[in-house]
Amino acid sequence: MAEIIDGKAVAAEVVEKVTAEAAELIAAGTTPGLAVVIVGEDPASQVYVASKSKKAKECGFHSVQHTLPADTPPQDLVALVEALNNDPSIHGILVQLPLPDHVDAGRIIQTIAPEKDVDGFHFINVGKLGTGELATAFVPCTPAGSMLLLERLRGKDLSGLSAVVVGRSNIVGKPMANLLLAANATVTIAHSRTKDLPALARTADILVAAVGRPGMVKGDWVKPGATVIDVGINRIPAPERGEGKTRLVGDVAFEEAEKVAGAITPVPGGVGPMTIAMLMANTLVSACRAAGHKPPV
Ligand code: NDP
């Protein structure tokens, strides 16, 4: 049976370290500041935003949440982001996605100052990640957290290991592939047009699933002993828990895969908690850079 990778525990360690280092920075006169912006009333987004703001407060940060109505004109959102760019008490700006259809999300993201783009979605940060300028980049939180879990198991250097990333989104699949490449893995990115995905997946020493399809990756897609990182978060009906109840599952058929894998992340409790922890770490790094302190490694 596979080792179950405890993302909750690793995330708690990261948050503890961030809190300790933030306290030092605060004592030296700079309080890390995180601004979270949400537009509209998407219930899942509201839960994510509330937990990000709460965690920022737990870390001792200055935490601000801007909640805007769904029909906010795009220019008002641009003006808010620009005001946050110019606010010296704010070191990290996060605009919760998805945005309502009438707002061009790309334009809003590119309005965020790259040095405050703690989500790592601005072209400057994407470019830095793509060219290996990791020391000054902001790396998107979910892939960064996934890498930290991998690092705990397999070390920083993945030389000689093959990695298959299923999913090519800008927020998970592509940055994850770049990070694996930077760690010397031999990387293949798969997607909806890939032929014979099960056979490709079986070649992977490290298999990352970031698809958004519950249980798509079956046990017989997993190479014996592989490390499986399940990024997927899917809410499915759970009638066994009562009428109308739901539960969260990943993109990997966990019960099957854990019999074959060497290690695997559960859902919930795997990659999910790492995402918020890495957001806190990125905000601390941003505040350190702004204050001229050496950012923690
Ligand atoms: P996207 O929908 O943006 O991307 C999904 C990717 O999966 C696409 O590249 C798509 O391919 C590929 N795909 C879809 N169907 C198949 C298929 N049948 N076979 C192979 N590839 C397929 O999703 P995200 O990257 O944003 O998110 C992926 C998952 O991760 C979701 O479950 C999401 O909820 C979760 N997530 C979790 C986070 C966390 O904190 N743990 C944070 C962010 C996301 P193509 O490009 O060809 O369409």
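Structure data summary
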{"quantity": "Sum of -39500 (n - 2.57) over DSSP H runs of 4+, divided by residues of the chain (222 nm, nearest 500)", "calculated": "-12500 deg cm²/dmol"}
{"quantity": "Neighbour net charge for LYS128 - beta-carbon separation under 12 angstrom, K R +1, D E -1", "calculated": "-3"}
{"quantity": "³J(HN,Hα), Karplus 6.51/-1.76/1.60, whole Hz, each residue of the stretch 268-278, x for Gly, Pro", "calculated": "x, x, x, 5, x, x, 5, 4, 5, 4, 6"}
{"quantity": "Nonlocal Lys pairs with alpha-carbon distance under 21 Å, the stretch 141-272 (8 or more apart, or different chains)", "calculated": "6"}
{"quantity": "Most to least packed among 173-185, 273-285 [average Cβ atoms within 10 Å]", "calculated": "273-285, 173-185"}
{"quantity": "Rounded if a/c under 1.5, otherwise prolate or oblate - the stretch 148-205, Cα gyration tensor axes", "calculated": "oblate"}
{"quantity": "ALA23-ALA70 FRET efficiency (beta carbon distance; Förster radius 35 Å; 0.05 resolution)", "calculated": "0.40"}
{"quantity": "Length-normalised contact order for the stretch 31-116 - Cα pairs under 8 Å, 6+ apart - percent", "calculated": "40 percent"}
{"quantity": "Cα-derived Rg over Rh, computed across the stretch 1-130 with Rh taken as Kirkwood radius", "calculated": "1.01"}
{"quantity": "The stretch 130-136 - phi-based ³J(HN,Hα) in whole Hz, Karplus 6.51/-1.76/1.60, Gly and Pro as x", "calculated": "x, 9, x, 7, 5, 5, 10"}
{"quantity": "Along each principal axis, Cα extent of the chain, largest first, Å", "calculated": "52, 45, 34"}
{"quantity": "Separation in nanometres of the label points that stand 7 Å from Cα toward Cβ, at ALA238 and VAL47", "calculated": "1.0 nm"}
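Here, each number is a calculation from the coordinates, and none is a lab measurement. Quick caveat: nothing in here was measured; it's all calculated off a predicted structure. Backbone-built Cβ (ideal geometry, glycine too); neighbour counts: all protein chains shown.
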